[in-house]
1. Report the full-extension gain for the segment ARG359 to HIS112: residue separation times 0.36 nm, less the Cα-Cα distance, to one decimal in nm.
2. If each residue of separation counts as 0.36 nm, what is the full-extension length gain between GLU61 and ARG218 once their alpha-carbon separation is subtracted?
3. I need to check one value: relative contact order of the chain, counting alpha carbon pairs closer than 8 Å and at least 6 residues apart, in percent.
4. For the stretch 181-263, what is one quarter of the convex hull surface built on the Cα atoms, given in nm²?
5. I'd like the trypsin sites (Lys or Arg not before Pro) in the stretch 52-101 restricted to DSSP loop residues with at most 15 other Cβ atoms within 10 Å, sorted by number.
6. Kindly provide the helix-only [θ] at 222 nm of the chain, computed as the sum of -39,500 (n - 2.57) over DSSP H runs of four or more divided by all residues, to the nearest 500 deg cm²/dmol?
7. Mind ranking 100-108, 35-43 by how tightly packed they are, going by the mean number of other C-beta atoms within 10 angstrom, highest first?
8. Divide the volume of the convex hull of the Cα atoms of the chain by its number of residues and quote the answer in cubic angstrom per residue.
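All of the numbers you see were taken from the coordinates with simple rules; none came from a lab. The structure displayed is predicted, hence computed values, not measured ones. Positions of Cβ are generated from backbone atoms using ideal geometry, with glycine treated the same way; all protein chains shown enter the neighbour counts.
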Amino acid sequence: MAVSIRRRSFLSGVGGALALAAVPGAGFARTAFGPAPGVIKLNANENPYGPSPKALEAIAEAATRGAYYPGPTVRRLREMVAEHNELTPEHVVLTSGSIEALFAVGAAYSRHGRIVAPALTFDPHLRVVERTGGEVIRIPLTTNMDTDLAAMERAVDNTVSMVYVCNPNNPTGEEIDAAALRAFCNRLTPTVTVMVDEAYNELTDDPVASSMVDLVRRGDNVIITRTFSKLHGIAGLRVGYALAPPHLAEVVARHAMTQPNLLGAAAAIASIDDEAFLNYSKRKIREGRELVSDVFRRHEVPYVQSRANFVYGNIGRDAEAFRARMQERNVYIRGIYAPYTTWSRVSMGRMEDLEVFARVFSEVYGA
């Protein structure tokens, strides 16, 4: 998909950037804004197809108003997110990436009890909880690499304040059955809060059916976190949000420390209903997911059926050493997620990058 912005509007959009570049030491190499030329970056679950053309136009326009605080723009985005999810603005907390919402919820609930979570999941916020004196009960995955909801439920007692699940899970890409997760929430939410990280929800086959947002509408003790970093392709602009009943949204807002900036909010507003780009992006991610899965199949590498923008496979050898060998060939993938020392995660890139991955993987794996 070609992106075209007229030279005059682009220059006006970036304002004084050209003047800044003329100042000694003020310029940045292009590599400061992404992978260096020749590097295949498949290690961070980014979407290289974004931002959308509409988002780029909005960024250029918003940059000309960069002298002003983003309050009105952020409020408009909050209204749009609420409308998109059939909620009120009081249900929505916008943050600088969904990680900030996760940090906020972790900080709030770890003061009142322990947190139950899968042993293998997205966990920077859980590690912060532990570093600040909180306790996280980590429940191992099943032998099929599924989130073990039954074991997590058994771990909940009167010392637990919150349960965290990521759906689809990161780094496995496994999608929890919606009916099972909904029943799980129904049983637990009378006594604890369940936080569902839906960062990859939009990449599932049926995002509406797989989401727990209906429980938020009903007023249950459920907090959902989402992001514009994945399908919308604006990870570098840091826009995320939490959806929660107003009494819980207030808790999230009270503990959050940031909100989206002007350019990020403008990009999110432009892309939230950009169905043409979102459909294109989802299609290309699925194509890439199938390519990586096919590479694993050809080499008889067991892998998890992913519903996200990455694939997690058991390469049968030290994943960190394998990552280093791939990196020597300028292909960046993820290494070990403890305790799964032989599993590696490959994120989606452009198809031409994934074709390079396929060739290099075959050569390194077979060496």
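1. 83.8 nm
2. Taking 0.36 nm per residue and subtracting the Cα distance, the gain is 52.7 nm.
3. Details: 685 pairs, mean separation 83.5, N = 367.
Once normalised by length, the contact order is 23 percent.
4. 6.0 nm²
5. Details: sites: LYS54, ARG65, ARG75, ARG76, ARG78; in loops: ARG65.
Passing both the DSSP loop test and the Cβ count: ARG65.
6. -12500 deg cm²/dmol
7. On the way: 100-108: 24.7, 35-43: 16.2.
Put in order of decreasing packing, that is 100-108, 35-43.
8. 146 Å³
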